[in-house]
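What follows is a set of notes on a single structure, which appears directly below.
Taken together, the values in this text are just the output of simple stated rules run on the coordinates, not laboratory data. Source: prediction; values computed, not measured. Every residue, glycine among them, receives a Cβ derived from its backbone with ideal geometry; neighbour counts consider all protein chains shown.
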């Protein structure tokens, strides 16, 4: 290693540490905000996404469509919702047709 590279490496090391510290601060603030905003919110998870007959309710459809928009795969969504891949694929086709999405 050339001696002239050491100052550059030290500078990069310092920047990396500053970024890590800033990211940790951001993470703590975000965690606190999420806790504050969700402490009185109703639960929203797989149990809240289906009707008594096992079909998706409006919240479930919205959650699934948000996951499609975020790029989650049919397999990931089927696992999350505890449904068959074919059912998740069918819902994705409906979402694509309605939104014109390519994903």
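Worth a mention:
- 0 to 90° range, to nearest 10: angle between helix 58-69 axis and the chain longest Cα axis: 40 degrees
- Note on residue 76/residue 10: beta-carbon distance plugged into 1/(1 + (r/R0)^6) with R0 of 30 Å gives a FRET efficiency of 0.10.
- Between 0 and 90°, nearest 10: helix 85-99 axis offset from the chain longest Cα axis: 80 degrees
- Where only DSSP H runs of four or more residues are counted, the chain gives -22500 deg cm²/dmol as its mean residue ellipticity at 222 nm, each run worth -39500 (n - 2.57).
- Listing 91, 98 from fewest to most neighbouring C-beta atoms within 10 Å gives 98, 91.
- Which of 6, 74 has the fewest Cβ neighbours within 10 Å, and the rest in rising order: 6, 74
- Rounded tilt (10° steps) of 5-38 against the dominant C-alpha axis of the chain: 30 degrees
- FRET efficiency for residue 102 and residue 58, using Cβ-Cβ distance with R0 set to 22 Å, rounded to 0.05: 0.35
- From the coordinates of this entry, Rg and Dmax of the Cα atoms in Å is computed, and it appears in (1) 13.9, 50; (2) 44.6, 153; (3) 21.8, 71 under the label (3).
- Note on residue 33 and residue 66: the model spin-label points, each 7 Å out from Cα along the C-beta direction, lie 1.5 nm apart.
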